[in-house]
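One structure is given below, encoded as structure tokens.
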Amino acid sequence: MPDSAANSAASSALARIDPRSDRRARPSHLGAAVIWGGFALLLVVAPLVFRSGLGQTILSQMGIAIIVCLSYNMLLGQGGMLSFGHAVYAGFGAFLGMHALNLVADGRLPLPVSLIPVVGGLAAMALAMVFGFVSTKKAGTPFAMITLGIGELVWASALMFPEFFGGEGGISGDRVAAAAASGYFKDLGANLGLTYGPQIQMYGLIAIYTFVCTAAMYAFTRTPLGRMSNAVRDNPERVAFIGYDTRKVRYRVFVISAFFAGVAGGLTALNTEIVTAEVVGASRSGAYLLFTFIGGTGVFFGPILGGILMVLAFALLSEFTRAWLLYLGIAFVLMVMWAPGGLASLVMANVRVAAAGRLRTLIPDYLVLAATLLLMLLGAATLIEMVYHLQLNTALGSTLSFVGIPLDAKHPGYWTGATVVLLTGLVLFTLAQRRFARRWAEIQELIG
């Protein structure tokens, strides 16, 4: 970023700390109440719509993913800290939460089961105070490399200390037994007859934590520390020049972010009742980074979209095709190239157009774009599935089924047909995209 642009961005961030400018930027209380009321209503209604056990399990995982992706965005989107080791804190919170759960079940820890996620959060925060002291001394690429090294360190330690991490099999617990053994310290849910056995009861606890943590992380963005982290992200030199310690700002944001990640880890321990070393691995950290970026780091609700997509990808896309990781990689590359602001930025851009009353004129263009994109993706996916089948599933024969269509991966006709569909879709999509770009530019010029 050029110096002038960076200075302007930092000035904007610092200016928002001014209470007078804050009053101008503050949304109306009625609008905020409608948004948060709608979010709470959505959490309540969702299990009534998806009543099956699978649906409630996926909703529970979405709630946890929303918390951890929002906590990651406190680092990346708000603080400009690219971390490759965020799973360390979510995973450590999960392990401490599981140990606490087992102590409660054995009658050695008088703690309500509903507070196990708080134990995970505090444990992760304590770990972040140690690791953050080292990693936040540097910013930018050195910070990213340090977090990567810490992630590998914890991953290796998980296999070296089976007494704590449980080795390759991990450690398990029983939330129902713990709820029954909590005795005098039964929480409100247990006193109401809740055993945390049915998944819907577990979802209720996760939904409460999701709402509270989301509201708390949003409130953090309105605090002086939250605003200052934006300024440190945009122009740390100018922030340091006016007397702020940028390292302290990064350190505090890092510790707070780890707390919420640990809460998500504690909820994971309660939800799955088993924790393995995989939760602190680099692949899990990469997933948090990937889906937070796809959701959008520049808008607060972007990581919420990312968390939902992460669960859908892990739970549904992996069942649909074994090449799902390949598709995720392609989607991430395309998102970085064409929409670096993520899905949230696309949503906000269209909301702006809709507010100006121009979205209706774009609907035909969107339909053409969607149709040509679908045609192009169909041809590409067919080729990918046939390549994947030939390389990894040859023992099953040359025939595979894709979207209900039988394909012979060794017949040249199927390769030719898929290639023709791909190229036709690519040409039509390119033409449609150029027309859409012209229409979009005209509308942007009109609405200013």
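The values are calculated or read from the model by the stated rules, or taken from the named source; none is laboratory data. On a predicted model such as this, the values are computed, not experimentally measured, just so you know. All Cβ positions, glycine included, derive from the backbone under ideal geometry; neighbour counts span all protein chains shown. For accessibility, only protein heavy atoms count, side chains too; no ligands or nucleic acids. Shrake-Rupley method; radii C 1.70, N 1.55, O 1.52, S 1.80 Å.
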Item to complete: Filter the stretch 322-343 for residues that are surrounded by fewer than 17 Cβ atoms within 10 Å (Cβ to Cβ) and under 29 Å from ILE443 (Cα atoms) and give the result.
Response: ALA331, PHE332, VAL333, LEU334, VAL336, MET337, TRP338, ALA339, PRO340
Practice prompt. Tell me, yes or no, whether the stretch 282-292 has at least one residue that is in contact with a Pro (Cβ under 6 Å, 6 or more places away or on another chain) and either under 23 Å from ALA156 (Cα atoms) or modelled with pLDDT under 90 (or both).
Written response: no
Practice prompt. Sort out which residues of the stretch 113-148 are free of Cβ contacts under 8 Å to residues at least 24 places away in the same chain, over 22 Å from the mean Cα position of the chain (by Cα) and assigned to a helix (DSSP H, G or I), and write them in order of number.
Written response: ALA126, VAL130, VAL134, PRO142
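Quickly run through the stretch 282-310 and pick out the residues that are among the small types (Gly, Ala, Ser) and more than 19 Å from LEU334 (Cβ to Cβ). Don't jump to the end; show me each part of the working.
Step one: list which residues in the stretch 282-310 are among the small types (Gly, Ala, Ser), which gives 282-283, 285-287, 295-296, 298, 302, 306-307.
Within the stretch 282-310, ALA282, SER283, SER285, GLY307 qualify.
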Fill in: THR195 being at pLDDT 85 or above and among the hydroxyl-bearing types (Ser, Thr, Tyr)
no
Discussion item. Just the residues that are without any contact (Cβ under 8 Å) to a residue 12 or more places away in the chain and touching a Ser or Thr at 6+ places or on another chain (Cβ under 7 Å), please, taken from the stretch 216-258.
Written reply: ALA240
Worksheet item: Which residues, counting only those in the stretch 136-174, are β-branched (Val, Ile, Thr) and buried (at least 17 other Cβ atoms within 10 Å of the Cβ)?
Response: THR136, ILE146, THR147, ILE150, VAL154, ILE171
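Could we say that GLU319 is in contact with a strand residue (DSSP E or B) (Cβ under 9 Å, 6 or more places away or on another chain) and either loosely packed, with under 15 Cβ neighbours inside 10 Å or not hydrophobic (A, V, I, L, M, F, W, C) (or both) here?
Working: in contact with a strand residue (DSSP E or B) (Cβ under 9 Å, 6 or more places away or on another chain): no; either loosely packed, with under 15 Cβ neighbours inside 10 Å or not hydrophobic (A, V, I, L, M, F, W, C) (or both): yes.
No; evaluated as a whole, the condition is false for this residue.
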Practice prompt. Working only within the stretch 220-242, note down all residues that are hydrophobic (A, V, I, L, M, F, W, C) and in a helix (DSSP H, G or I).
Written response: PHE220, LEU225, MET228, ALA231, VAL232, VAL239, ALA240, PHE241
Discussion item. So LEU346 passes all but one of these: (1) of a type outside the set (Asp, Glu); (2) open to solvent by 50 Å² or more (accessible area, probe 1.4 Å); (3) in contact with a helix residue (DSSP H, G or I) (Cβ under 6 Å, 6 or more places away or on another chain). Which condition number does it fail?
Written reply: (3)
Worksheet, complete the sentence: Exactly one of LEU109, LEU153, LEU103 is without any contact (Cβ under 8 Å) to a residue 40 or more places away in the chain, outside any helix (DSSP H, G or I) and not polar (S, T, N, Q), and that residue is LEU109
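Taking PRO340, is it of a type outside the set (A, V, I, L, M) and outside any helix (DSSP H, G or I)? Can you show your working first?
Values: of a type outside the set (A, V, I, L, M): yes; outside any helix (DSSP H, G or I): yes.
Taking the combined requirement at face value, the residue satisfies it.
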Worksheet item: For SER257, which of the numbered conditions (1) under 30 Å from GLN201 (Cα atoms); (2) open to solvent by 20 Å² or more (accessible area, probe 1.4 Å); (3) not hydrophobic (A, V, I, L, M, F, W, C) fails to hold?
Response: (2)
Worksheet item: Is there a residue being open to solvent by less than 80 Å² (accessible area, probe 1.4 Å), modelled with pLDDT of 85 or more and either among the hydrophobic types (A, V, I, L, M, F, W, C) or touching a strand residue (DSSP E or B) at 6+ places or on another chain (Cβ under 9 Å) (or both) anywhere in the stretch 392-415?
Response: yes
Practice prompt. Could you please find all residues in the stretch 267-283 being part of a helix (DSSP H, G or I) and among the polar types (S, T, N, Q)?
Written response: THR268, ASN271, THR272, SER283
Fill in: Filter result (open to solvent by 50 Å² or more (accessible area, probe 1.4 Å) and touching a Phe, Trp or Tyr at 6+ places or on another chain (Cβ under 6 Å)) within the stretch 301-316
LEU309
Worksheet item: Taking interchain pairs and intrachain pairs at least six residues apart, which have beta carbon atoms under 7 angstrom, with the first residue in the stretch 28-39 and touching a residue at least 40 places away in the same chain (Cβ under 8 Å) and the second part of a helix (DSSP H, G or I)?
Response: TRP36/ALA215; PHE39/PHE211
